[in-house]
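Quick notes on the structure that follows.
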Amino acid sequence: MRLTGKIAIVTGAGRGIGKGCALELAREGADLVINDRPGSPDLETTAAEIRELGRDCHAFEADIFSRSGCEQFVTDAVNAFGHIDILVSNPAFSRRQPFLEYDPDVFEQTLNGTLTSGFHMSQLVGRHLVERGRGGKILFISSVQAELPISRCVAYGAAKAGLNHMMRTIAVELSAHRINVNAIEPGWIDTPGEHVTFNEETIEAEGKRLPWGRLGLPEDIGKAAAFLVSGDADYITGSVLPVDGCFRFKDCRAEDTIPLRD
């Protein structure tokens, strides 16, 4: 229960990685304010699961791809509990298209939903934490695609790479206020969105090809998040933690390399 007495807000918590983070923070004792897009069918389900763990939870629909939506959500969070200690910033938008055919409007939408919205949320919460004067934690959910140039993901990879650099800059500026700022890079995580993009056979087969033998789970990311926003990570800031089951190095094993000469 490393987070007892802490108030955490998690964006995009209706399902997938955001939900996994919210539940693990609740298991560690945090009370939560969670968000998902307007009309989300999943938000109240997540809130109910958090309350079943014995934690207080407020759920607000908000379009955090916009500055005004972020402002309203942060205001609602502060009004709900009086203050914020922790932000897990998990907005993202992604569409796979070949580079030469990539829709410019989708490119801009991806950067806005994945990078710019993270700026808005972290700046607003950062201002609150500085004004409160008691430190705090800001954690971005990035991606291994920030490092890996994966085909048909030009916008998403660029957005996540920018997110990592933005995180480090924020960490430098907020260190004087004892606000830890870090990021997690999930690998291939078994979320509902992956089942929309890929069929079940592909997901099962590709999971077996990973060094860890399976796709990651939202709770794998949530457990790492719970550590990084806890006091146990007080001396960690400006860092990126891959949580990917060795996805980045899946083609580096001996059985996957070119055979040597006899």
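FYI, it's all coordinate maths here, none of it is from the lab. Because the structure is a prediction, the values reported are computed rather than measured. Cβ placement follows ideal geometry from the backbone for every residue including glycine, while neighbour counts extend to all protein chains displayed.
Within region 4-89, which strands (runs of 3 or more DSSP E) (wholly inside it) include 3 or more residues that are within 17 Å of the chain's Cα centre (by Cα) and under 21 Å from A225 (Cα atoms)?
Details: elements: 7-10, 31-36, 57-61, 86-89.
The qualifying strands (runs of 3 or more DSSP E) are 7-10, 31-36, 86-89.
Counting only residues that are among the hydrophobic types (A, V, I, L, M, F, W, C), surrounded by fewer than 21 Cβ atoms within 10 Å (Cβ to Cβ) and in contact (Cβ under 8 Å) with a residue 40 or more places away in the chain, how many does region 40-68 have?
Residues meeting the conditions: 1.
Those residues that are touching a helix residue (DSSP H, G or I) at 6+ places or on another chain (Cβ under 6 Å) and within 18 Å of G18 (Cα to Cα), I need them from region 53-81; list them, please.
Initial filter on region 53-81 (touching a helix residue (DSSP H, G or I) at 6+ places or on another chain (Cβ under 6 Å)): 53, 55, 57-60, 62-65, 67, 70, 74.
Of everything in region 53-81, those that are touching a helix residue (DSSP H, G or I) at 6+ places or on another chain (Cβ under 6 Å) and within 18 Å of G18 (Cα to Cα) turn out to be L53, R55, C57, H58, A59, F60, A62, D63, I64, F65, C70, V74.
Tell me, please, whether a residue that is without any contact (Cβ under 8 Å) to a residue 24 or more places away in the chain and either farther than 26 Å from D105 by Cβ or part of a loop (DSSP other than H, G, I, E, B) (or both) can be found in region 232-239.
Yes, region 232-239 contains a residue that is without any contact (Cβ under 8 Å) to a residue 24 or more places away in the chain and either farther than 26 Å from D105 by Cβ or part of a loop (DSSP other than H, G, I, E, B) (or both).
Looking at region 128-149, which of its residues are charged (D, E, K, R), touching a residue at least 24 places away in the same chain (Cβ under 8 Å) and in a helix (DSSP H, G or I)?
R132
Pick from E173, E200: which is among the acidic types (D, E) and either touching a strand residue (DSSP E or B) at 6+ places or on another chain (Cβ under 9 Å) or closer than 21 Å to V130 by Cα (or both)? So that I can check it myself, show each step before the final result.
On the way: E200 fails: either touching a strand residue (DSSP E or B) at 6+ places or on another chain (Cβ under 9 Å) or closer than 21 Å to V130 by Cα (or both).
After applying the criteria, what remains is E173.
For C246, all conditions in the list (1) touching a Pro at 6+ places or on another chain (Cβ under 6 Å); (2) surrounded by 20 or more Cβ atoms within 10 Å (Cβ to Cβ) hold save one; what is the number of the exception?
(2)
Rundown of residues vs (1) in contact with a strand residue (DSSP E or B) (Cβ under 7 Å, 6 or more places away or on another chain); (2) within 15 Å of M121 (Cβ to Cβ), yes/no style:
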position: M1; (1), (2): no, no
position: T11; (1), (2): yes, yes
position: V33; (1), (2): yes, yes
position: D42; (1), (2): yes, no
position: A47; (1), (2): yes, no
position: A59; (1), (2): yes, no
position: A62; (1), (2): yes, yes
position: T75; (1), (2): no, yes
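Scan region 175-205 residue by residue and report those that are touching a helix residue (DSSP H, G or I) at 6+ places or on another chain (Cβ under 7 Å), in contact (Cβ under 8 Å) with a residue 60 or more places away in the chain and either closer than 14 Å to S94 by Cα or hydrophobic (A, V, I, L, M, F, W, C) (or both).
I189, T191, P192, G193
When you scan region 91-113, do you find a residue that is on the phi > 0 side of the Ramachandran plot and surrounded by fewer than 24 Cβ atoms within 10 Å (Cβ to Cβ), even just one?
Keep residues of region 91-113 that are on the phi > 0 side of the Ramachandran plot, which gives none.
No, region 91-113 has no match at all.
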